[in-house]
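Taking it in order: structure first as structure tokens, then the write-up.
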Amino acid sequence: MRGLLRDLRYSARGLRRTPGFSALVLLTIGIGTGVNATVFGFIDALLFRAVPGIAEPSRLVAIFTANFTGGPYGPSSLADLESLREETSSFDAIGGAQDDPLATLTSEIGIERSRVASVTDGYFDALGATPVVGRLITAAEMGRIEDEGLAVVSEDFWTRRFNRADDVLGRRILINGRRYRVIGVAPRGFGGFELGRPVDVWLPLVTSTEVVAQRGNRMLAIVARLKPGRSLDDARHDVAAVGASLADRFPATNRGLAIETDAPKAMTALPVSRLDPTYRSRILLLAAVVVGATGLVLLICCANVATLLLSRAASRAREVAVRLALGASRAELVRALVADGLLIGAGGTAIGVLFANWTMHALPAMFAPEWARILDARIDAAGWLIAIGLAMTASIIASLAPIGLARRVEAIAALRGDGGAGSDARSNRVREWLVTLQVALACVLLVSTGLLSQSLASAFRTDAGEAARTVLTASAVLDRMTLQWKGVRYYRDGLERVRGIAGVEAAAWTSTLPLQDAGRREFSIEGYVPAPAENVRVSIITVTLDYFETMRLTRLSGRLFTKDDRWSSKPVVVINEVMARRYFQGNPLGRHLTDAKGPIAEVVGVVEAEKYRTLQDAPLAAVYYPLEQHYLERMAIVARFKAPTEQSLRELDVMLGDARVNVSHPPARPLEPVLSALLAPERLTTTLVSACGALAIALAMIGLYGVTAYAVFRRRREIGVRVALGARPAGIARLVLAAGMRLTIVGSAIGIVGAAIMVPLLAAVVHGAEGPPLIGFVLVPLALIATAVVASIVPILRALRVQPIVALRTE
């Protein structure tokens with residue numbers, strides 16, 4: 001141990017004597033480990049961190065019922081929940097929640113859209129948590145229909161709307177026109193279970209006996225708390241048995257899938273997660289892509305540090321030879337070099353921790369506020385241990401190359417001054433192969449970055465159209481008590497005012513922006529016979545006349561809405577191509593739709609599909625209603641400009657005001673950032689992988705510079721001879737450039753082969769990738785060759801300054 005401490009002190013003095021080398025090595029290790037620690041923190045925040053505000057979160061499970069077309073993880077009905085209570089023995093408490101993401105909430109401050117959840121008895125018992133203020137809703141208060149309801153608000157809502165007032169209990173709020181009294185603030189940090197879509201208010205679920213009896217009316221997300229001593233496997237067995245039993249007893253509602261009409265609607269229990277299980281599996285795949293990219297960066301860092309340590313070991317060949325001549329053992333030499341690795345690892349850890357901490361706070365600023373809160377994650381103790389372990393391991397691995405070199409040092413050759421270890425052809429090949437590896441890995445990362453960028457760009461082209469780049473949007477929420485004719489007048493007059501803004505090409509109102517939640521409704525379709533237990537539920541969107549033109553959605557057949565489609569005229573709808581293909585055999589025009597909430601409507605047109613809900617889902621079947629026939633108090637305006645400016649945003653805000661009605665409208669904003677916020681996981685993946693690609697090319701440049709500079713140092717006598725014999729500067733430059741260029745070409749060729757293998761795998765994981773970005777296979781090698789040229793500039797200048805007399809002088 002005393003010898004190791006002595007070597008550590010000696011290594012510290014050596015690192016101080018070479019500050020440039022030391023800074024480069026420490027930064028390389030620090031960045032490599034910092035990037036990996038950052039990614040671990042984000043993945044932990046998105047996928048593995050427990051939902052805040054819940055007691056013993058490991059005991060909480062989510063229960064799903066398979067639905068007809070949406071896979072195994074659908075919502076359940078209230079009747080299913082009652083059956084689970086009666087027929088399972090694994091749970092202490094079971095409850096459910098039904099979300100309304102577009103509720104109109106009026107408080108002392110004004111009107112806004114809020115996410116409101118109606119919960120059953122047992123829901124808060126399953127959470128097992130304590131409210132911040134007041135109390136939670138009890139089982140005795142569930143289902144009571146009173147003039148004034150009870151409400152529990154989230155801590156965020158309490159802060160945002162009531163400024164954390166001590167007298168929040170007893171305050172009144174209006175939700176969808178009904179009065180509620182605040183009785184408590186939910187557990188600290190709890191905002192429901194859906195990541196990025198926090199709930200503001202929880203209400204008791206009020207249902208009629210008829211609704212309870214409708215076993216096929218599945219709208220509840222069920223959570224349950226395991227009894228002490230019971231495992232997830234026990235819960236899965238219990239839940240699966242109930243699902244099978246219900247399928248036998250109620251085949252009309254609990255059997256029938258799109259893939260098999262008689263298959264049971266199975267029930268599944270999973271650990272509670274803030275991501276939908278289907279979406280979670282996709283995020284896991286994206287996380288694997290990012291982890292792979294950061295792993296490659298760490299590997300490049302190891303190769304880079306190994307190259308630098310090899311060069312440093314070569315420059316210390318005479319020192320090593322003297323030690324050997326004085327009787328030092330090989331083990332002592334190895335220990336000295338390991339001491340270098342330990343010091344580098346410790347310094348790299350400190351830099352990596354600082355880098356990760358800065359990145360974890362800088363990246364969230366690139367995203368919308370709701371995602372910024374999610375991504376503003378902290379790295380916990382496990383994350384720091386991983387960062388320390390990565391830094392130390394990478395440093396020790398990088399030290400292995402010079403250790404092997406030290407074992408081959410010949411004392412006589414080194415003392416003679418003919419280069420010693422530096423002249424060892426094997427050590428030179430090791431350096432060159434390490435740099436070649438860096439170039440190859442950088443090539444793979446850059447091609448992968450191109451594929452991810454292509455995917456993200458494809459999302460904007462497909463989902464919002466090119467119009468998203470020039471569209472501004474703002475929402476408007478009318479008071480629930482506003483008479484319908486006044487509301488229609490507000491929308492009509494506001495639209496006319498917006499169309500008068502300079503630069504506006506088209507404008508319209510819509511109830512749902514692309515990629516946002518659209519309401520869904522069950523329909524009966526003329527001429528379509530649903531399969532047993534099939535519910536024909538499709539998205540419904542209310543729009544005004546010019547919506548399709550504003551969003552540049554192509555009319556495929558029939559007509560679009562006209563001014564004649566008023567409340568007093570025949571009800572009409574326009575459907576998208578997905579619905580036409582799924583539910584209509586032949587021409588859908590003239591066919592009729594019926595639902596429980598409105599009269600029979602005739603299909604008059606078909607338009608191309610746009611996406612709602614998420615990027616990962618395929619476009620859903622959708623029905624468009626004209627506003628005057630399907631009035632809503634909540635709408636969003638979309639206005640397409642020739643070239644929107646900040647002045648355009650201000651004017652849009654002004655035009656949406658109207659003293660004749662009570663309306664709330666948050667500040668206008670461009671549509672493209674709205675969509676970008678909804679694509680946060682894809683943006684985060686692309687951002688991190690792009691950063692890895694940039695780091696990879698920077699590290700490759702450093703590696704190429706190191707090898708080229710060392711080649712100039714090693715061949716300075718040869719260069720001096722060439723100059724003495726009349727070699728021109730261009731010839732000397734080509735000689736130096738050839739060393740780095742050869743490694744770059746070989747590394748690029750290997751990288752292209754690796755990328756050709758990697759790209760199809762990524763294309764299968766990344767949504768929207770249309771295939772290998774062939775242009776990337778050309779541009780990336782060219783970029784790497786340009787990098788090699790830049791890295792060779794300083795070594796070339798040094799070579800051109802070599803004086804023949806100095807180079808040929810015998811030491």
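The values are calculated or read from the model by the stated rules, or taken from the named source; none is laboratory data. Please read these numbers as outputs of a predicted model, since none were measured by experiment. Neighbour counts run over all protein chains shown; Cβ positions are idealised from the backbone, glycine included. Just so you know, the surface numbers come from the protein's heavy atoms only, side chains and all, with ligands and any DNA or RNA stripped out. Shrake-Rupley method; radii C 1.70, N 1.55, O 1.52, S 1.80 Å.
Table: residues versus (1) in a helix (DSSP H, G or I); (2) under 27 Å from Arg282 (Cβ atoms); (3) modelled with pLDDT of 85 or more.
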residue	(1), (2), (3)
Leu15	yes, no, no
Ser22	yes, no, no
Leu26	yes, no, no
Thr38	yes, yes, no
Phe42	yes, yes, no
Leu46	yes, yes, no
Val61	no, yes, yes
Phe64	no, yes, yes
Gly71	no, yes, no
Completion exercise
Over the range 59-94, the set of residues open to solvent by less than 40 Å² (accessible area, probe 1.4 Å), within 30 Å of the chain's Cα centre (by Cα) and not β-branched (Val, Ile, Thr) is Leu60, Ala62, Phe64, Ala66, Phe68, Gly71, Gly74, Ser76
Problem - Subset of the range 148-164 [open to solvent by less than 20 Å² (accessible area, probe 1.4 Å), outside any strand (DSSP E or B) and not aromatic (Phe, Trp, Tyr)] - result: Ser154
Practice task
Only residues that are within 18 Å of Asn217 (Cα to Cα), in a loop (DSSP other than H, G, I, E, B), out of contact with any Ser or Thr (no Cβ under 6 Å at 6 or more places or on another chain) and of a type outside the set (A, V, I, L, M): list them for the range 521-559, please.
Solution key: Phe523, Pro530, Glu534, Asn535
Fill in the blank from the handout: Going through the range 169-180 in order, the residues found to be at pLDDT below 90 and surrounded by fewer than 20 Cβ atoms within 10 Å (Cβ to Cβ) are Gly170, Arg171, Arg172, Leu174, Asn176, Gly177, Arg178, Arg179
Practice task
Scan the range 474-512 residue by residue and report those that are over 30 Å from Arg179 (Cβ atoms), surrounded by 18 or more Cβ atoms within 10 Å (Cβ to Cβ) and not β-branched (Val, Ile, Thr).
Solution key: Leu495, Ala506, Ala507, Ala508
Problem - Residue identified as modelled with pLDDT under 90 and touching a strand residue (DSSP E or B) at 6+ places or on another chain (Cβ under 7 Å) among Ser114, Ser90 - result: Ser114
Problem - Qualifying residue in the range 278-300 (condition: in contact with a Gly (Cβ under 7 Å, 6 or more places away or on another chain), touching a residue at least 40 places away in the same chain (Cβ under 8 Å), closer than 30 Å to Leu390 by Cβ and not aromatic (Phe, Trp, Tyr)) - result: yes
Practice task
Take the range 117-134 and flag every residue that is in contact with a strand residue (DSSP E or B) (Cβ under 8 Å, 6 or more places away or on another chain), assigned to a loop (DSSP other than H, G, I, E, B) and either farther than 12 Å from Trp202 by Cβ or of a type in the set (Gly, Ala, Ser) (or both).
Solution key: Asp121, Gly122, Gly128, Val132
Exercise for the section: Considering only the range 620-658, state which residues are touching a Phe, Trp or Tyr at 6+ places or on another chain (Cβ under 9 Å), among the hydroxyl-bearing types (Ser, Thr, Tyr) and either part of a loop (DSSP other than H, G, I, E, B) or farther than 19 Å from Gly605 by Cβ (or both). Expected result: Tyr631, Ser648
Practice task
State yes or no: is Arg582 out of contact with any strand residue (DSSP E or B) (no Cβ under 7 Å at 6 or more places or on another chain), among the basic types (Lys, Arg) and surrounded by 14 or more Cβ atoms within 10 Å (Cβ to Cβ)?
Solution key: yes
Practice task
May I ask you to say which residue of Thr33, Thr18, Thr65 is under 30 Å from Leu257 (Cα atoms) and hydroxyl-bearing (Ser, Thr, Tyr)?
Solution key: Thr65
Fill in the blank from the handout: Note on the range 777-795: residues hydrophobic (A, V, I, L, M, F, W, C) and surrounded by 21 or more Cβ atoms within 10 Å (Cβ to Cβ) are Val780, Leu784, Ala788, Ala791
Exercise for the section: Filter the range 44-58 down to residues that are under 16 Å from the mean Cα position of the chain (by Cα) and open to solvent by less than 30 Å² (accessible area, probe 1.4 Å) and give me whichever is nearest to Ala240 (Cα to Cα). Expected result: Leu47
Exercise for the section: Output the qualifying pairs, or none if there are none: Cβ atoms under 6 angstrom, residues six or more apart or on different chains, first residue in the range 46-59 and without any contact (Cβ under 8 Å) to a residue 60 or more places away in the chain and hydrophobic (A, V, I, L, M, F, W, C), second residue open to solvent by 50 Å² or more (accessible area, probe 1.4 Å) and assigned to a helix (DSSP H, G or I). Expected result: Ala50/Pro57
Completion exercise
Cβ pairs under 6 Å, 6+ apart or interchain, first in the range 770-783 and in a loop (DSSP other than H, G, I, E, B), second modelled with pLDDT of 65 or more and surrounded by 11 or more Cβ atoms within 10 Å (Cβ to Cβ), ordered by first then second residue, are Pro772/Val759; Pro773/Gly450; Pro773/Leu451; Pro773/Gln454
Exercise for the section: Determine whether Ile752 is open to solvent by 60 Å² or more (accessible area, probe 1.4 Å), at pLDDT 85 or above and either under 36 Å from the mean Cα position of the chain (by Cα) or within 30 Å of Ala502 (Cβ to Cβ) (or both). Expected result: no
Practice task
Could you tell me whether the range 696-711 includes any residue that is without any contact (Cβ under 8 Å) to a residue 12 or more places away in the chain and open to solvent by less than 50 Å² (accessible area, probe 1.4 Å)?
Solution key: yes
